[in-house]
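A short worksheet on the structure shown next.
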Amino acid sequence: MLCIGICDDNYDARLALRSALERLLEPRQEKARILEFSSGEGLLRWRDRHPGELHLVFLDLEMDQLDGMETARRLRQAETGIQLAFVTGYDSHVFEGYQVGALGYLLKPPKEAQLADILDRAAAALTRTEEAFFLCRRGEVTYRIPQQEILYFVSNRRQVTCVTREKSYVFYGKLDQVAQEVGSGFVRIHQRYLVRGGAVGQVAGSQVFVGDTVLPISRSCQQGALLALTRASLEGDL
């Protein structure tokens, strides 16, 4: 499900943009979750609690306190995969959007054709970068987690936990399927553990150290795991 954020300190502007997006999304038969934020600070606080959930954000440039451009810079620092678009009543900042990789710069009120173009380009950009992300689905929410931020996966019966630097994500699945999705950058060290090679700081005997966490290497996985981790180290990924 696509998660879209609208950040504008003007309620009527948020309502108009939401209505236009809903009209465009309905014939596409694409499920979307649209969230509204009245300030850049509120948007950033929400993202801190829900990393990986937002896919596309429409930002008003002229907001009190934290303006849209600074909000965009902080969003981009936190998550490189978020797609951004600016909506504003002025055209004096049109070139600034390129500094944060914005998809577009729309004057208020945005035309539906322009919004449709932004949606199309956002969908294309998300598809292009999908290989660098792990898509974690829980209920109707899909988290796009950059693989470089993942430390390891751990399974417990039918549940898998994806552990990242910021938080952990729990979802229903099988570790074998996860291993196929994330590819060779991840190493199976145990029936229950799949670790990103680049996250391993040290291998000692039958254990690997991932930050302050110590994970076991099982006897059945030991030979293959050590070879894979050694290869990662030689290739500069460890």
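The values are calculated or read from the model by the stated rules, or taken from the named source; none is laboratory data. Because the structure is predicted, anything quoted here is derived from the model rather than measured. Every residue, glycine as well, gets a Cβ built from its backbone with ideal geometry; the counts of neighbours run over all protein chains shown. Surface accessibility is based on the protein's heavy atoms, side chains included, excluding ligands, DNA and RNA. Shrake-Rupley method; radii C 1.70, N 1.55, O 1.52, S 1.80 Å.
If a/c stays under 1.5 just call it rounded; otherwise compare a/b with b/c (prolate if a/b is bigger, oblate if not). Do that for the range 102-231, with a ≥ b ≥ c from the square roots of the Cα gyration tensor eigenvalues. Don't skip to the end; give the middle numbers.
Values: a/c = 3.00, a/b = 2.47, b/c = 1.22.
Since a/c reaches 1.5 and a/b is larger than b/c, the shape of the range 102-231 is classed as prolate.
Taking only C-alpha pairs under 8 Å that are 6+ residues apart, what is the relative contact order of the chain in percent?
Details: 388 pairs, mean separation 28.3, N = 238.
Across the chain, relative contact order equals 12 percent.
Would you calculate, for the chain, the mean residue ellipticity at 222 nm contributed by helices, counting each DSSP H stretch of 4 or more residues as -39,500 (n - 2.57) and dividing by all residues, to the nearest 500? Display every interim value, and only then the final one.
On the way: 6 runs with 77 residues, N = 238.
Estimated from H runs of four or more residues: -10000 deg cm²/dmol.
Largest first and in whole Å, give the semi-axes of the chain's equivalent ellipsoid, each being the square root of 5 times a Cα gyration tensor eigenvalue.
40, 18, 15
Once Lys and Arg get +1 and Asp and Glu get -1 on their Cβ, which of Ala85, Val210, Asn10 lies farthest toward the positive end of the dipole of the chain?
Farthest towards the positive pole: Val210.
What shape does the range 1-66 take by its C-alpha gyration tensor, where a ≥ b ≥ c are the square roots of the eigenvalues and a/c under 1.5 counts as rounded, a/b above b/c as prolate, and the rest as oblate? Display every interim value, and only then the final one.
Values: a/c = 3.05, a/b = 1.31, b/c = 2.32.
Cα axes put the range 1-66 in the oblate bin.
Could you work out how far apart the two model spin labels at Ala113 and Thr161 are, taking each label as a point 7 Å from the Cα in the direction of the beta carbon, and quote it in nm?
5.3 nm
Where the only charges are on Cβ atoms (+1 Lys, Arg; -1 Asp, Glu), what is the dipole of the chain about its Cα centre, to the nearest 20 debye? List each step's numbers first, then the result.
Details: 29 positive and 31 negative charges, 281 e Å.
About 1340 debye.
Using a Förster distance of 30 Å, how high is the FRET efficiency between Asp64 and Val170, based on the Cβ-Cβ distance and rounded to 0.05? Could the numbers behind the result be given before it?
Numbers: r = 38 Å, r/R0 = 1.25.
E between Asp64 and Val170, to the nearest 0.05, is 0.20.
Long-range amide H contacts for Gly104: which residues qualify at under 5 Å (H placed 1.01 Å from N, peptide plane, sequence gap of 5 or more or a different chain)?
When sequence neighbours closer than 5 places are left aside, the close amide H contacts are Phe86.
Please list, ordered by chain and number, the residues whose modelled amide H lies under 5 Å from the amide H of Cys3; skip anything fewer than 5 residues away on the same chain.
Arg33, His55, Leu56
Counting pairs of alpha carbon atoms under 8 Å apart in space and at least six apart in sequence, what relative contact order in percent does the range 1-70 give? All intermediate terms of the calculation are to be shown ahead of the outcome.
On the way: 94 pairs, mean separation 31.9, N = 70.
Result for the range 1-70 is 46 percent.
Where only protein heavy atoms count, and the probe is 1.4 Å, what is the accessible area per residue for the chain in Å²? Can you show the working numbers first?
Working: 12830 Å² over 238 residues.
Averaged over the residues of the chain, the accessible area is 54 Å².
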